[in-house]
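Notes for the one structure printed next.
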Amino acid sequence: MITVALPKGRIANQTLEIFESVFKSEFKFEDRKLILNQGDFRFLMVRNQDIPAYVVEGAADVGVVGLDVLAEHRPDVVRLLDLKIGKCRICVGTVAGKEPDFTQPEIKVATKMPQIAREYFANHAIAAKIIKLYGSIELAPLIGLSDVIVDVVETGATMKQNGLTVTHTIMQSSAHLIANKSSYIVKKEAILDLYEKIASHVNG
Ligand code: PRP
């Protein structure tokens, strides 16, 4: 039995579709249920940012998580495969036409990814004050809470509709399959079998 942690939302559904194609079986969560037991698998429906905790602690043997979440949390896990879904960019954004002066003493940065933001500005020798938020990041520069934001951009619609523009792309991200380190040893055969089947599907 392999326990798989999935990030609630579109990526969970797309991952289940991959499993359906690979294993020729229907994988569907009932309504609000958070666990799905089927065949050799147990799927867990988890909040995106919580995936590293489930996999690091061994509550899940494998998990699906964005590269951005791995960059933010740096969990000690085995990185197995790029699933090539959930593609997005992590960007610095600002009010359109109002690019801030990056040489000012302390630029205010609103973000839900403080680690990535801190590292990016440190690497560019920019003094930044990081303001950690949990959502609606695009609001911060509009009402003067911050000078810039560091956030996920997928279609760009949220930034555009709020009069923001991307000034820099920090990294590209997509969903990755990761494994718990001990599961990877104890259940090596099953995990490698899963890896190979999914890899050949994803890489066509
Ligand atoms: C992300 C991000 C933006 C939006 C970008 O939030 O914080 O608000 O998506 O997408 P777009 O470029 O296609 O408009 P998400 O919906 O993942 O919600 P969250 O804040 O709960 O993580």
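The values are calculated or read from the model by the stated rules, or taken from the named source; none is laboratory data. Predicted model, so just to flag it, every value in this text is computed and none were measured. Neighbour counts run over all protein chains shown; Cβ positions are idealised from the backbone, glycine included. These area figures cover heavy atoms from the full protein model, side chains too; ligands, DNA and RNA do not enter into them. Shrake-Rupley method; radii C 1.70, N 1.55, O 1.52, S 1.80 Å.
Residues in region 126-157 that are near the ligand (Cβ under 10 Å from one of its atoms), part of a loop (DSSP other than H, G, I, E, B), of a type outside the set (D, E, K, R) and in contact with a Leu (Cβ under 9 Å, 6 or more places away or on another chain): 1 in all. The test for being hydroxyl-bearing (Ser, Thr, Tyr) and touching a helix residue (DSSP H, G or I) at 6+ places or on another chain (Cβ under 7 Å) holds for Ser146.
Selection of first residues in region 163-180 that are more than 19 Å from Val153 (Cβ to Cβ) and of second residues that are open to solvent by 10 Å² or more (accessible area, probe 1.4 Å) and small (Gly, Ala, Ser), restricted to Cβ pairs under 6 Å at least 6 apart or on distinct chains, gives the following pairs, ordered by first then second residue: Asn180/Gly58.
Yes or no: region 71-79 includes at least one residue that is over 17 Å from the mean Cα position of the chain (by Cα) and within 15 Å of the ligand (Cβ to nearest atom). Among the residues of region 71-79, not one is over 17 Å from the mean Cα position of the chain (by Cα) and within 15 Å of the ligand (Cβ to nearest atom), which makes the answer no. Check region 189-199 and report whether any residue there is more than 16 Å from the ligand (Cβ to nearest atom), within 26 Å of Gly9 (Cβ to Cβ), open to solvent by 40 Å² or more (accessible area, probe 1.4 Å) and at pLDDT 95 or above. Yes; the residues of region 189-199 include at least one that is more than 16 Å from the ligand (Cβ to nearest atom), within 26 Å of Gly9 (Cβ to Cβ), open to solvent by 40 Å² or more (accessible area, probe 1.4 Å) and at pLDDT 95 or above. If you check Ala175 against the conditions, is it within 12 Å of the ligand (Cβ to nearest atom) and at pLDDT 95 or above? Here the answer is no, as Ala175 does not meet what is asked. Return a yes/no flag: does region 53-74 have any residue that is outside the structural domain of Val153 (by TED's automatic domain parsing), closer than 20 Å to Tyr184 by Cα and in contact with a Lys or Arg (Cβ under 8 Å, 6 or more places away or on another chain). Yes, there is a match, as at least one residue in region 53-74 is outside the structural domain of Val153 (by TED's automatic domain parsing), closer than 20 Å to Tyr184 by Cα and in contact with a Lys or Arg (Cβ under 8 Å, 6 or more places away or on another chain).
Within region 20-28, is even one residue away from the ligand (no atom under 16 Å from the Cβ), open to solvent by 40 Å² or more (accessible area, probe 1.4 Å), within 22 Å of Cys88 (Cα to Cα) and under 23 Å from the mean Cα position of the chain (by Cα)? Checking region 20-28: not a single residue is away from the ligand (no atom under 16 Å from the Cβ), open to solvent by 40 Å² or more (accessible area, probe 1.4 Å), within 22 Å of Cys88 (Cα to Cα) and under 23 Å from the mean Cα position of the chain (by Cα). When the test is whether a residue is open to solvent by less than 30 Å² (accessible area, probe 1.4 Å) and in contact (Cβ under 8 Å) with a residue 60 or more places away in the chain, Val92 passes it.
In region 69-83, the residues that are within 19 Å of Val46 (Cα to Cα) form Cβ pairs under 6 Å with partners that are of a type in the set (A, V, I, L, M) and assigned to a helix (DSSP H, G or I), at six or more places apart or across chains, as follows: Ala71/Ile116; Glu72/Ile116; Pro75/Val56; Val77/Val55; Leu83/Val202. Criterion applied to Lys132, Lys108, Lys187 was being on the phi < 0 side of the Ramachandran plot, within 22 Å of the chain's Cα centre (by Cα) and of a type in the set (Lys, Arg), and the one residue passing it is Lys132. Of the numbered criteria (1) of a type in the set (A, V, I, L, M, F, W, C); (2) open to solvent by 40 Å² or more (accessible area, probe 1.4 Å); (3) not assigned by TED's automatic domain parsing to the domain that holds Ala53, the one Ile185 fails is (3). Using the structure shown, decide if Thr167 is out of contact with any Ser or Thr (no Cβ under 6 Å at 6 or more places or on another chain) and either open to solvent by 20 Å² or more (accessible area, probe 1.4 Å) or β-branched (Val, Ile, Thr) (or both). Here the answer is no, as Thr167 does not meet what is asked.
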